[in-house]
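Have a look at the structure below before the remarks.
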Amino acid sequence: MLTPEEIHEKIVKAQSGDEAAKTELVESNMPLIKSIVRRYKNKQIEYEDLIQLGTLGLVKAVNNFDTNYGVRFSTYAVPMIAGEIKRFIRDDGAIKVSRSVKAQALEMNKYIENFRNENSRSPTIEELAEKFGVEAAEVTFIMESSRYPVSINAETDEDNLSLADKIADTRDENDELDKMLLKDIIANMDERDRKIIILRYFRDKTQSEVAEELGVSQVQVSRLESKILARMKEMLS
């Protein structure tokens with residue numbers, strides 16, 4: 001496996017036309033591609049075809065990644081890999097999830113309900129991941145297979161715009177896969193950025209309230225939020 005530093009180095013080389021570096025990046029990230037492909041069950045599309053679609057998405061991620069984004073390459077690549085698959089099978093409406101994933105979602109929903117009763121709050125993604133022994137990003141996918149406990153369409157107090165509204169020009173609000181991809185991105189944000197998005201769009205906090213909780217000014221929160229939303233929009237485009 002390549003280290004983050006090696007990945008960035010290979011990306012720079014690949015963007016300069018080094019095909020060997022691009023091939024090495026694809027090979028190194030094949031487990032990521034396969035993990036995303038396994039999320040889909042489609043009778044009309046062969047597994048190898050899905051792998052090819054995922055590989056195409058990864059190559060696009062390599063070509064477009066900017067090391068100044070401040071996120072891990074894998075975080076940036078996930079929606080682009082899944083996006084290629086999504087675009088190919090969207091017209092068929094053939095995205096399905098396995099029974100095991102649905103069973104996990106049912107268990108998580110039961111746990112969330114019990115947790116709320118005992119703690120007067122919902123568990124965080126990290127708490128769910130630790131409880132069920134999965135990655136944080138996997139929690140968002142599992143919950144999306146049934147019904148995720150918070151909505152990306154929830155409005156904020158200040159402007160009555162939801163997170164979906166603010167990135168609407170790059171997504172179809174009726175596309176459930178897009179919602180899953182968005183939650184994947186949120187799950188893999190750094191702690192500060194994720195907290196800002198969750199407090200603003202899932203906890204109905206104003207920018208002033210978020211600023212107070214983070215110990216910064218409202219202006220700083222406004223600037224940070226704008227940068228985060230712009231980055232999310234680009235990752236979903």
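Structure notes:
- Across region 1-46, the number of residues qualifying as assigned to a loop (DSSP other than H, G, I, E, B) and either open to solvent by less than 80 Å² (accessible area, probe 1.4 Å) or modelled with pLDDT under 85 (or both) comes to 15.
- Residue in region 193-201 that is within 18 Å of Tyr76 (Cα to Cα), part of a helix (DSSP H, G or I), modelled with pLDDT of 80 or more and open to solvent by 60 Å² or more (accessible area, probe 1.4 Å) present: no
- Exclusive hit being crowded, with 19+ Cβ neighbours inside 10 Å and either modelled with pLDDT under 65 or outside any helix (DSSP H, G or I) (or both), set Lys179, Lys183: Lys179
- From the list Val216, Val210, the one residue that fits, being more than 30 Å from Ser35 (Cβ to Cβ), open to solvent by less than 20 Å² (accessible area, probe 1.4 Å) and either modelled with pLDDT of 80 or more or not in a helix (DSSP H, G or I) (or both), is Val210.
- Matching residues, region 47-73, being in contact (Cβ under 8 Å) with a residue 40 or more places away in the chain and open to solvent by less than 40 Å² (accessible area, probe 1.4 Å): Val62, Phe65, Tyr69, Val71, Phe73
The values are calculated or read from the model by the stated rules, or taken from the named source; none is laboratory data. Quantities reported herein were computed from a predicted structural model and do not represent experimental measurements. A quick note on method: Cβ atoms are made from the backbone with ideal geometry, for glycine too, and the neighbour counts reach across all protein chains shown. Just the protein is used for accessible areas: all its heavy atoms, side chains included, with ligands, DNA and RNA removed. Shrake-Rupley method; radii C 1.70, N 1.55, O 1.52, S 1.80 Å.
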